[in-house]
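The values are calculated or read from the model by the stated rules, or taken from the named source; none is laboratory data. Because the structure is predicted, anything quoted here is derived from the model rather than measured. Virtual Cβ from ideal backbone geometry, glycine too; neighbours counted across all protein chains shown.
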């Protein structure tokens with residue numbers, strides 16, 4: 001698998017091992033952030049506050065969620081999506097930083 005900058009004419013190669021390590025680290029970081037939400041009180045209170053806003057309540061109506069189980073599942077989906085996006089941003093920043101340090 002080759003990826004590179006075709007405009008500049010240089011090509012960098014990313015190995016399967018590097019891709020696998022990045023994937024594992026992304027999943028691990030996502031789970032770590034989700035655990036932080038579970039065990040850090042002010043983060044869990046923040047999630048409860050967000051789930052109680054009018055915007056979040058409107059999302060229930062928009063998606064037609066009537067049961068408490070459906071509401072809990074939507075909250076969990078929101079938590080995991082936010083944790084994944086944050087982990088992806090952190091990982092991209094670290095990859096960029098490491099590539100800058102290598103140059």
Pair list, Cβ < 8 Å and 6+ apart or interchain, from the stretch 1-24 residues that are surrounded by 10 or more Cβ atoms within 10 Å (Cβ to Cβ) to residues that are modelled with pLDDT of 90 or more and not in a strand (DSSP E or B): 22/91; 22/95
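Would you check if residue 50 is outside any helix (DSSP H, G or I) and either at pLDDT below 95 or in contact with a helix residue (DSSP H, G or I) (Cβ under 7 Å, 6 or more places away or on another chain) (or both)? Write out each step before concluding.
Values: outside any helix (DSSP H, G or I): no; either at pLDDT below 95 or in contact with a helix residue (DSSP H, G or I) (Cβ under 7 Å, 6 or more places away or on another chain) (or both): yes.
So residue 50 fails the test.
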Which listed residue, of 79, 65, 75, is without any contact (Cβ under 8 Å) to a residue 60 or more places away in the chain, surrounded by 15 or more Cβ atoms within 10 Å (Cβ to Cβ) and farther than 30 Å from residue 22 by Cα: 65
Based on this model, can you work out whether residue 43 counts as modelled with pLDDT of 95 or more, surrounded by 10 or more Cβ atoms within 10 Å (Cβ to Cβ) and within 18 Å of the chain's Cα centre (by Cα)? no
